[in-house]
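Colleague: I'd like to ask some things about the structure below.
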Amino acid sequence: MNCADLEMLLCDYVDGTLRGQQKSAVEEHLAGCAACSLAVQDAGAALALVERSALVEPPPELMTRMVFDLAAERDRHRKLAPSFVRRLFARVLEPVLQPRAAMGMAMTVLSFAMLFQFAGIEPRHLRPSDLDPVKVWAALEDRSVRTWERGVKYYENVRLVYEIETRLKEWSDQADEEASAGTGRTQAGPDADQAGKKAP
């Protein structure tokens with residue numbers, strides 16, 4: 001037995017209504033668990049305090065008021081009781097309006113709405129012939145092929161743009177290198193001419 005099991009049996013143990021194996025299991029657990037034995041002591045002290053408190057007699061008008069209010073509530077309930085048709089519809093619709101059934105229906109409607117959206121079928125203009133499985137499958141296949149082709153085309157376009165940008169960058173870098181090399185030659189040219197004049 002663990003502490004959670006003892007918590008569930010605590011009230012019965014304190015009241016003294018536990019018998020047999022359950023009582024011996026609780027006592028065995030209490031011998032080894034200080035926290036649970038402290039909880040049992042606290043519960044026993046609270047029960048003793050309640051038992052020591054004086055009994056309070058209810059005022060006589062309380063019983064009269066309770067009987068009167070109960071009768072008035074019963075009359076009001078009879079007046080507000082639903083008609084036979086409402087009760088019949090409630091009995092028929094009760095299984096459908098359970099949370100699990102309602103969520104299942106909502107998920108089914110959502111699934112069909114997504115399927116129709118993907119297949120390109122407008123639910124407003126839906127005809128019985130549109131629900132033909134072959135037609136729905138063909139529309140889904142057509143839509144998936146178109147989506148795949150669009151993705152491939154987009155990928156190829158992105159690749160082409162990337163290659164063009166790479167080439168343009170290479171050409172601009174090459175032009176910058178040639179321009180800097182040409183500037184270096186023109187600066188080196190006059191210096192070489194002056195050096196040639198001084199040498200003879």
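Colleague: Looking at (1) open to solvent by less than 80 Å² (accessible area, probe 1.4 Å); (2) at pLDDT 80 or above, which one does Glu163 not meet, given that it meets all the others?
Modeller: It is condition (1) that Glu163 fails.
Colleague: May I pose another question? Taking Glu149, is it charged (D, E, K, R) and either at pLDDT below 75 or under 30 Å from the mean Cα position of the chain (by Cα) (or both)?
Modeller: Answer is no for this residue.
Colleague: Now, a different point. Give the residues of the range 24-41 that are charged (D, E, K, R) and within 14 Å of Asp12 (Cα to Cα), sorted by residue number.
Modeller: Within the range 24-41, just Glu27 meets the criteria.
Conditions (1) in contact with a helix residue (DSSP H, G or I) (Cβ under 6 Å, 6 or more places away or on another chain); (2) surrounded by 11 or more Cβ atoms within 10 Å (Cβ to Cβ); (3) among the aromatic types (Phe, Trp, Tyr); (4) at pLDDT below 80, marked per residue:
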| residue | (1), (2), (3), (4) |
| --- | --- |
| Leu30 | yes, yes, no, no |
| Leu38 | no, yes, no, no |
| Gln41 | no, yes, no, no |
| Val56 | no, no, no, yes |
| Met66 | no, yes, no, no |
| Asp69 | no, no, no, no |
| Asp75 | no, no, no, yes |
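The values are calculated or read from the model by the stated rules, or taken from the named source; none is laboratory data. Keep in mind that this is a model prediction, so the values were computed, not measured. When we count neighbours, we look across all protein chains shown, and the Cβ atoms used for this are built from the backbone with ideal geometry, even at glycine. What goes into the accessible areas is simple: the full protein's heavy atoms, side chains included, and nothing from ligands, DNA or RNA. Shrake-Rupley method; radii C 1.70, N 1.55, O 1.52, S 1.80 Å.
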